[in-house]
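The structure under discussion appears below in the form of structure tokens.
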Amino acid sequence: MSAEPFLLDSNVFIEAHRRYYNARICPGFWKALRHFLGTPSVLSIDKVRDELVEGKDDLSKWITRSLAPASFVSSGQAAVLNRYAEIQKWAVAQNRFTAAALRDFADAEKADAWLIAYALENGSTLVTHEGNDPKLNKRVLIPVVCRAFGVPVKDTFDMLHELKVLFDWNP
């Protein structure tokens, strides 16, 4: 298993809910999340929780009913804020992202830059389903920034494999 804790992006929850691990067909995924989230193995941040609960859908209801707010760690640490500023300066210095992409990435209410800052400061592996297109300039992608800062990135399936999560079906 990864020595660093896994740090979950919003899209880990959203993609699973909307597509392949919908609670109606794979309740085991949600049980595993409830089991691991907030432990030293699997974390997420308050900004992710905020994004998820604003949806006012079944996922939002599950988050508020099934997970304590303490399951999501605070991104408000001074060291994380310093890393956030460092990441924002890096993004601007690239001279390749559109002004709209930089504004979106710098939006303090959005989780992406905060996730990277938290992972960088705390030695976490960031778990996301974002693509990794270094030439894309209309969006600042998590994996592109992570690569520049040496933050490991994995997807949900790699995380589940490393955590030895098994979904079993019985007829």
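The values are calculated or read from the model by the stated rules, or taken from the named source; none is laboratory data. Fair warning: this is a prediction, and the values are worked out from it, not measured in the lab. Using ideal geometry, Cβ is built from the backbone for each residue, glycine included, and neighbour counts are taken over all protein chains shown. Heavy atoms of the whole protein, side chains included, go into the accessibility calculation; ligands, DNA and RNA do not. Shrake-Rupley method; radii C 1.70, N 1.55, O 1.52, S 1.80 Å.
Brief remarks follow.
- Considering the stretch 92-136, the residues that are in contact with a helix residue (DSSP H, G or I) (Cβ under 8 Å, 6 or more places away or on another chain) and among the charged types (D, E, K, R) include one that is modelled with the lowest pLDDT, namely 133.
- Residue match in the stretch 111-124 (condition: touching a residue at least 40 places away in the same chain (Cβ under 8 Å), more than 11 Å from the chain's Cα centre (by Cα), under 26 Å from residue 78 (Cα atoms) and open to solvent by 40 Å² or more (accessible area, probe 1.4 Å)): yes
- Summed over the stretch 119-156, residues that are in a loop (DSSP other than H, G, I, E, B), closer than 14 Å to residue 10 by Cα and among the hydrophobic types (A, V, I, L, M, F, W, C) total 1.
- Qualifying residue in the stretch 98-106 (condition: in contact (Cβ under 8 Å) with a residue 40 or more places away in the chain and part of a loop (DSSP other than H, G, I, E, B)): yes
- Single residue of the stretch 24-57 satisfying the filter (part of a loop (DSSP other than H, G, I, E, B) and among the β-branched types (Val, Ile, Thr)) that is least open to solvent (accessible area, probe 1.4 Å): 39
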